[in-house]
Amino acid sequence: MRTAWAALGSLIFLVVEPGTVAGLGPWLLTGWAVGEAPPQAVAPLRIVGAVLVLVGASALLHAFGRFVLEGLGTPAPVAPPERLVVGGLYRYVRNPMYLAVLLTIVGEALVLLQPVLLVYAAVVGVAMASFVYGYEEPTLSARFAAEYDAYRRAVPAWWPRLRPWHSDQID
């Protein structure tokens, strides 16, 4: 039953938080209108953008799933996981959800040919980093102590490792 509640809470948070940042925000800025670019650049930009959106959305769903199955909680601060989530994409980078949202926004900028979304992605990135360093990391350090500190030393926050980290490794 705990997993079902974690799944429901995560689904609600997925719609509210990333849905607002990567969906509503770009829509408010662009109305989903397609901008203009030199004709020879349109197809490549849109293809790359579509790939980024698909990769970003897939990574986001994977990361949310890890919170449900591994952490027995949600990414929402009001219903945090019971266990530190360090599997899946979290073995490569500490913040795959934030990176996935940014990847999605950049992809949308390319698909829609809307440079304003690149500026928006930069602003969102600064806000996310501020939240991570100002709230999330201190909270995780207090909650999971040495386990989180070891993970934090071994796995980068923003640029993924080439090889996956395992909790039994000491880096």
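No value in this document is a laboratory result; all are computed from the given coordinates. Small disclaimer: the values here were computed from a predicted structure and weren't measured. Methodologically, a virtual Cβ is constructed for each residue, glycine included, from the backbone with ideal geometry; neighbour enumeration extends over all protein chains shown.
Relative to the longest principal axis of the Cα atoms of the chain, the long axis of helix 137-154 lies at roughly 80 degrees.
In the range 2-154, Cα pairs under 8 Å separated by at least six residues give a relative contact order of 30 percent. For the chain, place one equal point scatterer on every Cα, skip the solvent, and apply the Debye formula. What is log10 of I(q)/I(0) at q = 0.09, 0.11, 0.20 Å⁻¹? Here the Debye-derived log intensity ratios amount to -0.34, -0.50, -1.33.
Centre-to-centre separation between the Cα atoms of the range 107-128 and those of the range 130-171: 26 Å. Among 123-130, 98-105, the peptide with the highest mean count of other Cβ atoms within 10 Å heads the list, and the full ranking is 98-105, 123-130.
Normalised Debye scattering of the range 50-118 at q = 0.12, 0.16, 0.21, 0.26 Å⁻¹ gives log10 I(q)/I(0) of -0.35, -0.57, -0.81, -1.03, counting only Cα atoms as equal scatterers and leaving out solvent.
The long axis of helix 39-69 is offset from the longest Cα principal axis of the chain by roughly 20 degrees. Among Gly25, Val85, Leu11, which residue has its Cα furthest toward the positive end of the charge dipole of the range 2-154, with +1 on Lys/Arg Cβ and -1 on Asp/Glu Cβ? Going by the Cα projections, it comes out as Val85. At a Förster distance of 41 Å, what's the computed FRET efficiency of Ala4 paired with Gln40, Cβ-Cβ distance as r, to 0.05? For Ala4 and Gln40, the calculated efficiency is 0.20.
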